[in-house]
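The values are calculated or read from the model by the stated rules, or taken from the named source; none is laboratory data. Predicted model only: the values in this text are computed from it and were never measured. Positions of Cβ are backbone-derived with ideal geometry, glycine not excepted, and every protein chain shown enters the neighbour counts.
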Amino acid sequence: MGYQAVFNRYELKYKITGAQKAKIMKAMEPYMEADRYGKSTIRNIYFDTDDFILARHSIAKPDFKEKLRVRSYSKADADSTVFVELKRKYDHVVYKRRVGVTEREAVDWICRGKSVGMHEDQRSREIDYFLSLYDGIRPVLYLSYDREAYRMRDGSDFRVTFDTNILCREDDLSLESDPYGTSIIEDGMFLMELKCSGGIPVWMTRILSKERIYKTSFSKYGTAYCRFMDETPAERAHGIASESLVAAFRERKASKALPSYGMAFG
């Protein structure tokens, strides 16, 4: 397969300045190195319903949320390998499953329903279930960013990424096009993410404490949604969940056909 397909981990986010990033990079030098992608421009197409159930639920900061996207690590064409990713978060833990396919296969699978079930494994069954639950889901947003990614030299699973130039748009929803759009992060700022299945290394907690860097809540997709939608601050903060969303969650809890995801739904 040649790529990691299953992720169960914590993802902690921090908005930092360039000066803070330089100090963190200095602290990382003895312990970390660039990962297999190193520096890249990540392109994503996010999917949602006509009434944006997934986005609206996400910004309400619930215990459980989920999203579906197709991602590439470079400019794609119809035969390029891209990743169909189902990302769920429950009780602060992120569960991500992804399947590598060509861009053409991804479009056929998600948008046309032609290839549903073509992969006979747990990951694809979970994506198929998601597609059946949110019937009529469609591409709604292009989101790209420049990323630097680092991993531990000792092989442990702690990772650090820095994202900047975070851009989004509602048209030209293609991984074959160049990045452009509306910025959703301030000039000169970086979104740092710490990713791990357990605790953060002591040396990292020390530099965060020394520089007074604190966790933030920043959903790229949720932030982009709020940027484009004409909602009042109260509506954004509440993240109104529609009756159909509530019904869908109840159906999911009651369904014995729910794919095993290593977690309970309360």
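From the list LEU54, LEU68, which one is of a type in the set (A, V, I, L, M), assigned to a helix (DSSP H, G or I) and under 23 Å from SER124 (Cβ atoms)?
That would be LEU54, the only listed residue that is of a type in the set (A, V, I, L, M), assigned to a helix (DSSP H, G or I) and under 23 Å from SER124 (Cβ atoms).
If the Cβ limit is 7 Å and pairs must be 6+ apart or interchain, which residue in region 121-139 that is farther than 26 Å from ASP51 by Cβ and in contact (Cβ under 8 Å) with a residue 12 or more places away in the chain pairs with which residue that is surrounded by 18 or more Cβ atoms within 10 Å (Cβ to Cβ) and of a type in the set (Val, Ile, Thr)?
So the pair list comes out as ARG123/VAL99; SER124/VAL99.
Check whether at least one residue in region 48-55 is surrounded by fewer than 17 Cβ atoms within 10 Å (Cβ to Cβ), more than 20 Å from THR216 (Cβ to Cβ), without any contact (Cβ under 8 Å) to a residue 40 or more places away in the chain and over 15 Å from the mean Cα position of the chain (by Cα), and report yes or no.
no
Collect the residues in region 17-56 that are in contact with a helix residue (DSSP H, G or I) (Cβ under 7 Å, 6 or more places away or on another chain) and aliphatic (A, V, I, L, M), keeping them in residue-number order.
ILE24, ALA27, ILE53, ALA55
Conditions tested, residue by residue: (1) under 16 Å from ILE16 (Cβ atoms); (2) at pLDDT below 95; (3) in contact with a Ser or Thr (Cβ under 6 Å, 6 or more places away or on another chain); (4) not hydroxyl-bearing (Ser, Thr, Tyr).
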residue: ALA106; (1), (2), (3), (4): no, yes, no, yes
residue: TYR145; (1), (2), (3), (4): yes, no, no, no
residue: THR182; (1), (2), (3), (4): no, yes, no, no
residue: GLU186; (1), (2), (3), (4): yes, yes, no, yes
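Going through region 70-98 one residue at a time, which ones are among the polar types (S, T, N, Q) and in contact (Cβ under 8 Å) with a residue 60 or more places away in the chain?
Once the filter is applied, which keeps residues that are among the polar types (S, T, N, Q) and in contact (Cβ under 8 Å) with a residue 60 or more places away in the chain, region 70-98 yields SER72, SER80.
Any idea which of (1) touching a Lys or Arg at 6+ places or on another chain (Cβ under 8 Å); (2) of a type in the set (Lys, Arg); (3) buried (at least 20 other Cβ atoms within 10 Å of the Cβ); (4) within 21 Å of THR223 (Cβ to Cβ) is the one LYS87 doesn't satisfy?
Unmet condition: (3).
Identify the single condition in (1) within 23 Å of THR216 (Cα to Cα); (2) free of Cβ contacts under 8 Å to residues at least 40 places away in the same chain that VAL101 does not satisfy, given that it satisfies every other one.
With (1) within 23 Å of THR216 (Cα to Cα); (2) free of Cβ contacts under 8 Å to residues at least 40 places away in the same chain applied to VAL101, the lone miss is (1).
Matching residues to (1) surrounded by fewer than 19 Cβ atoms within 10 Å (Cβ to Cβ); (2) more than 15 Å from the chain's Cα centre (by Cα); (3) within 19 Å of GLU103 (Cβ to Cβ); (4) among the basic types (Lys, Arg):
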| site | (1), (2), (3), (4) |
| --- | --- |
| ASP121 | yes, yes, no, no |
| LEU133 | yes, yes, no, no |
| ARG153 | yes, yes, no, yes |
| PHE158 | no, yes, no, no |
| ASP163 | no, no, no, no |
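I want to confirm something. Restricting to region 9-36 and keeping residues that are loosely packed, with under 14 Cβ neighbours inside 10 Å and in a strand (DSSP E or B), which single residue is modelled with the lowest pLDDT?
Once the filter is applied, the top-ranked residue is ARG36.
Looking at VAL99, VAL82, which one is within 20 Å of TYR145 (Cβ to Cβ), hydrophobic (A, V, I, L, M, F, W, C), surrounded by 15 or more Cβ atoms within 10 Å (Cβ to Cβ) and at pLDDT 90 or above?
Of the residues listed, the single one that is within 20 Å of TYR145 (Cβ to Cβ), hydrophobic (A, V, I, L, M, F, W, C), surrounded by 15 or more Cβ atoms within 10 Å (Cβ to Cβ) and at pLDDT 90 or above is VAL82.
State which residue pairs qualify: first residue without any contact (Cβ under 8 Å) to a residue 12 or more places away in the chain and surrounded by 11 or more Cβ atoms within 10 Å (Cβ to Cβ) and inside region 201-218, second residue among the aromatic types (Phe, Trp, Tyr) and assigned to a loop (DSSP other than H, G, I, E, B) in any location, beta carbons under 8 Å apart, and separation of 6 or more residues or different chains.
Qualifying pairs under 8 Å: none.
Of all residues in region 56-69, count the ones that are among the basic types (Lys, Arg) and either within 26 Å of ARG104 (Cβ to Cβ) or without any contact (Cβ under 8 Å) to a residue 12 or more places away in the chain (or both).
2
Identify all residues within region 36-75 that are at positive phi and charged (D, E, K, R); write none if there are none.
LYS61
Quick one: in region 63-79, which of the residues that are farther than 24 Å from PHE52 by Cα and among the charged types (D, E, K, R) is surrounded by the fewest Cβ atoms within 10 Å (Cβ to Cβ)?
Out of the qualifying residues, it is ASP79.
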